[in-house]
Every structure is written in C-alpha cells, then in structure tokens.
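**Q** Let me begin by handing over the structure; questions about it come next.
The values are calculated or read from the model by the stated rules, or taken from the named source; none is laboratory data. The structure presented is a predicted model; accordingly, all values stated were derived computationally and were not measured. Because the Cβ atoms are built from the backbone with ideal geometry, glycine has one as well, and the counts that use them run over all protein chains shown.
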Amino acid sequence: MDTIDEFVRLVRDELGMPLLDHEVACDLDQLPEWDSLYLLKLVTVLEQTTGRPLPVGRLLEARTLQEIYRLAVRI
C-alpha cells in the first residue's frame, strides 16, 4: 500500500465500507457507517499489509482516515 487510492481500496475491500474518495478527509464521526470496531479491524489489516506494528495510541487520536493513512505509511 503506497498510495491513498490503495488505502481507500483497502478500506472498501477489507472493511466492506462504502467509502467515497473525498470521505478520507472527513472526520471519522461524520462517516455514516464508522464505529470503533472499524478502527480495530483497520489497524489489524494495516499491520498485516505493512508487516509491522502501528502506533495504536496515535491511531486512536486520528480524526480522519487520511491521518490514519499517513501514520501507516510513515512508519
């Protein structure tokens, strides 16, 4: 996963979430289907995809999927 487009596809495919491209910049609480279980699933999928642990504390503080993406690719 190198691009934001690949991240969006991952969210759609792995979480089954109907995410529109522009919604990656929306607050998580504004996403119609978002709940805390999605975050846990996403962390697991991202760790499997990247092959490394992610900073869960920082991910919990993220306000958008775009922030989560940035944290996942910067590590």
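**Q** Can you pull out every residue in segment 27-41 that is surrounded by 17 or more Cβ atoms within 10 Å (Cβ to Cβ) and either outside any helix (DSSP H, G or I) or of a type in the set (Phe, Trp, Tyr) (or both)?
**A** Correct list: LEU31, TRP34, TYR38.
**Q** Continuing with this model, one more query. Quick one: in segment 42-61, of everything that is of a type outside the set (Val, Ile, Thr) and crowded, with 16+ Cβ neighbours inside 10 Å, which residue is farthest from LEU28 (Cα to Cα)?
**A** Applying the filter and picking the extreme gives LEU54.
**Q** Output the residues belonging to segment 19-43 that are charged (D, E, K, R) and either in contact (Cβ under 8 Å) with a residue 12 or more places away in the chain or in contact with a strand residue (DSSP E or B) (Cβ under 7 Å, 6 or more places away or on another chain) (or both).
**A** The answer is ASP21, GLU23, ASP27, GLU33, LYS41.
**Q** Here's a follow-up. Within segment 44-59, track down each residue that is in contact with a helix residue (DSSP H, G or I) (Cβ under 7 Å, 6 or more places away or on another chain) and either in a helix (DSSP H, G or I) or without any contact (Cβ under 8 Å) to a residue 12 or more places away in the chain (or both).
**A** VAL45, LEU46, THR49, THR50, PRO53, VAL56, ARG58, LEU59
**Q** Suppose we keep only residues that are touching a residue at least 12 places away in the same chain (Cβ under 8 Å) and within 9 Å of the chain's Cα centre (by Cα) within segment 60-74. Which one would you say is farthest from GLU6 (Cα to Cα)?
**A** THR64
**Q** Further, regarding this structure: PRO18 passes all but one of (1) in a helix (DSSP H, G or I); (2) farther than 21 Å from GLU61 by Cα; which number fails?
**A** (1)
**Q** From the list ASP35, ASP27, ASP2, ASP21, pick out the single residue that is at pLDDT 95 or above and not β-branched (Val, Ile, Thr).
**A** Sole residue among the options that is at pLDDT 95 or above and not β-branched (Val, Ile, Thr): ASP27.
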